[in-house]
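The values are calculated or read from the model by the stated rules, or taken from the named source; none is laboratory data. From a predicted model like this one, the values you see are computed outputs, not experimental measurements. Reconstructed Cβ throughout: ideal geometry from the backbone, glycine too, with neighbour counts over all protein chains shown. Protein only, heavy atoms only, side chains kept; ligands, DNA and RNA dropped before computing areas. Shrake-Rupley method; radii C 1.70, N 1.55, O 1.52, S 1.80 Å.
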Amino acid sequence: LREAPRHLLVCEKSNFGNHKSRHRHLVQTHYYNYRVSFLIPECGILSEELKNLVMQTGPYYFVKNLPLHELITPEFISTFIKKGSCYALTYNTNIDEDNTVALVSIDLMELSLNLDSKKYERISWSFKEKKPLKFDFLLAWHNTGSEESTMMSYFSKYQIQEHQPKVTLSTVRDLQCPVLQSSELDGAPEVSCQALELFDWLGAVFSNVSLNNEPNNFISTYCCPQPSTVVAKAYLCTITGFILPEKICLLLEHLCHYFDELKLAPWVTLSVQGFADSPVSWGKSEHGFWKGGEHLYNFVIFNNQDYWLQMAVGANDHCPP
């Protein structure tokens with residue numbers, strides 16, 4: 001058998017009220033997200049406010065055969081970069097086989113500070129004349145001003161399509177959930193489960209894997225870690241598309257306030273998966289595909305405002321931040 005690929009999982013705990021908490025920074029610097037899921041035990045229906053927030057996670061855009069130099073023109077920088085946050089990622093490219101591009105506003109803002117500089121001229125010449133590359137791009141823009149998005153009209157001379165993320169809502173009944181204590185990342189024997197056990201369990205729930213460990217089940221022998229409890233209903237929401245960090249910050253903030261009113265649930269989770277073929281994971285940390293391409297994070301939000309944060313990457317990546 002081949003040696004199993006190395007994976008890295010970092011777990012930490014803090015409180016949202018702690019002024020040193022890193023939760024906002026870590027969400028904001030994980031730029032390229034394609035799936036967001038949250039699980040709320042003891043919940044049968046979403047509040048209208050939360051449901052509206054989920055339905056407003058788009059739009060994003062697909063532009064075919066877009067020249068790379070179009071993303072660094074003074075016009076593009078003036079229209080999008082200086083009026084919000086813009087993200088671009090090549091579509092249907094494999095980072096271990098193809099040329100791949102990822103651009104975020106922070107990179108272009110540094111470039112835009114001096115459009116008359118030799119650095120800008122050199123980059124512009126390289127993209128436009130020396131190596132005039134074209135790619136299919138996914139684009140998304142978070143507008144911080146009052147103007148409506150103009151991306152459809154701006155790229156109207158190219159083949160551009162507007163997309164909305166796909167939202168899947170479901171209620172899971174009689175779900176066996178691990179018992180957790182916010183102060184015990186490593187769990188306590190016969191009292192609470194470990195963070196790593198919860199991480200595996202969430203993967204099974206999101207994949208709709210049976211948790212019964214029945215002897216005649218030849219697909220999965222997985223079962224819920226112990227100790228556990230059965231909840232009558234749990235609400236599961238999954239959003240798939242090109243989802244901006246700003247939208248995830250809003251969702252996390254709303255889930256933090258979920259316990260402002262008394263709830264039966266002791267905790268909720270928010271899980272985010274990045275594009276497997278993104279060149280970076282967090283910030284400018286290089287991301288590799290190898291056998292899985294995973295880079296993801298998960299929040300466990302407790303009713304006392306404590307949280308666990310779990311960050312995972314695959315074999316070719318450095319340790320998460």
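Distance from a point 7 Å along Cα→Cβ of THR171 to each backbone N in the range 229-257: keep the residues under 18 Å and list them by number.
Taking a point 7 Å out along Cα→Cβ of THR171, the residues of the range 229-257 whose backbone N falls under 18 Å are 230-238.
What number, in percent, do you get for the relative contact order of the range 228-321 if the mean sequence gap of Cα pairs under 8 Å and at least 6 apart is divided by its residue count?
23
Between LEU196, LEU296, LEU89, where does the largest GNM mean-square fluctuation fall for the chain, given springs only between Cα atoms within less than 10 Å?
Per the Cα network of the chain with a 10 Å cutoff, LEU196 tops the list.
Under 15 Å from the Cα of LYS64, which aspartates and glutamates turn up, not counting those fewer than eight places away in the same chain?
ASP136, GLU162
When the Kirkwood radius is taken over all Cα pairs of the range 114-191, what Stokes-Einstein diffusion coefficient follows at 10 °C and 1.306 mPa s, in µm²/s?
82
Rounded, prolate or oblate: which fits the range 27-156 when a ≥ b ≥ c are the square roots of the eigenvalues of the alpha-carbon gyration tensor, with rounded for a/c under 1.5 and prolate only if a/b beats b/c?
Verdict is prolate for the range 27-156.
Quick one: with all protein chains in place, what share of the accessible area of the chain is carbon or sulfur, to the nearest percent (1.4 Å probe)?
The C+S portion of the solvent-accessible surface of the chain is 50 percent.
Can you pull the one-decimal nm distance between simple spin-label points at LYS134 and THR100, each 7 Å off the Cα toward Cβ?
Rounded to a tenth, the inter-label distance reads 2.3 nm.
Please state the equivalent ellipsoid semi-axes for the chain: what are the square roots of 5 times the Cα gyration tensor eigenvalues, largest first, in whole Å?
38, 22, 19
For every helix of n ≥ 4 consecutive DSSP H residues, a contribution of -39,500 (n - 2.57) applies; sum these over the chain, divide by its total residues, and give [θ] at 222 nm rounded to the nearest 500 deg cm²/dmol.
The helix-only estimate for the chain comes to -5500 deg cm²/dmol at 222 nm.
I'd like the FRET efficiency for GLN181 and THR221, computed as 1/(1 + (r/R0)^6) with the beta carbon distance as r and R0 of 22 Å, rounded to 0.05.
For R0 = 22 Å, the calculated efficiency reads 0.25.
Taking only protein heavy atoms and a 1.4 Å probe, what accessible area per residue, in Å², does the chain have with all protein chains in place?
53
Out of residues 5 or more away from ALA188 or on other chains, whose amide H comes under 5 Å of its own, with H placed 1.01 Å from N in the peptide plane?
CYS193
Over 25 Å between Cα atoms, which of LYS83/LYS284; LYS20/LYS284; LYS20/LYS247; LYS157/LYS284 qualify?
Among LYS83/LYS284; LYS20/LYS284; LYS20/LYS247; LYS157/LYS284, the Cα-Cα distance tops 25 Å for LYS157/LYS284.
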